[in-house]
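Read-outs: derived from the displayed coordinates by stated rules, not from any lab. Keep in mind it's a predicted model, so treat the numbers as computed, not measured. Here the Cβ is made from the backbone with ideal geometry for all residues, glycine too, and neighbour counts use every protein chain on show.
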Amino acid sequence: QVQLVESGGGLVQAGGSLRLSCAASGSIFSINVMGWYRQAPGKQRELVATITTGGSTNYADSVKDRFTISRDNIKNMVYLQMNSLKPEDTAVYYCNLRFMRVEYWGQGTQVTVSS
């Protein structure tokens, strides 16, 4: 079984920064994609950023040049550095892990950006 545990959410003022972390444990295939998604109240869950085992990244247009995803393959960790935060970034952020046509989700961490 695979478990994902997020940390690092919180309340920040607009223009501030936060760093999210996600620790993956369990039976994880060495080649995988890890990522972050978010869901704001009343909206569908959306992609924020993903990163492959090899380091290839993909970002939503809304966060490009502000957010940076990274990972530590040894520790099975993925991070999301969020800079220049905006009120519209307020959401529950979920860690995601995909491999062999299966995906896993963390429990989510709240990020609230005040104006």
Exactly one of Val5, Val12 is assigned to a strand (DSSP E or B) and surrounded by fewer than 16 Cβ atoms within 10 Å (Cβ to Cβ), and that residue is Val5
Of all residues being within 17 Å of the chain's Cα centre (by Cα) and among the hydroxyl-bearing types (Ser, Thr, Tyr) in the range 1-35, which is farthest from Tyr94 (Cα to Cα)? Just the residue, please. Ser17
List pairs: first in the range 22-43 and of a type outside the set (Ser, Thr, Tyr), second assigned to a loop (DSSP other than H, G, I, E, B) and loosely packed, with under 14 Cβ neighbours inside 10 Å, Cβ under 8 Å, 6+ apart or cross-chain? Ala23/Lys75; Gly26/Gln1; Phe29/Met100
Could you count how many residues in the range 74-87 are touching a residue at least 24 places away in the same chain (Cβ under 8 Å) and not in a strand (DSSP E or B)? 7
Pairs with Cβ under 8 Å, 6+ apart, first in the range 96-112 and in contact (Cβ under 8 Å) with a residue 24 or more places away in the chain and surrounded by 13 or more Cβ atoms within 10 Å (Cβ to Cβ), second part of a strand (DSSP E or B) and basic (Lys, Arg): Tyr104/Arg98; Val111/Arg38
Return yes when Arg71 is surrounded by 14 or more Cβ atoms within 10 Å (Cβ to Cβ), touching a helix residue (DSSP H, G or I) at 6+ places or on another chain (Cβ under 9 Å) and part of a strand (DSSP E or B) and no when it is not. no
Criterion first (touching a strand residue (DSSP E or B) at 6+ places or on another chain (Cβ under 7 Å), at negative phi and not in a loop (DSSP other than H, G, I, E, B)) does Leu47 satisfy it? yes
So how many residues does the range 91-115 have that are over 12 Å from the mean Cα position of the chain (by Cα) and not β-branched (Val, Ile, Thr)? 8
Hey, among Glu88, Glu46, which residue is surrounded by fewer than 14 Cβ atoms within 10 Å (Cβ to Cβ), among the charged types (D, E, K, R) and more than 14 Å from the chain's Cα centre (by Cα)? Glu88
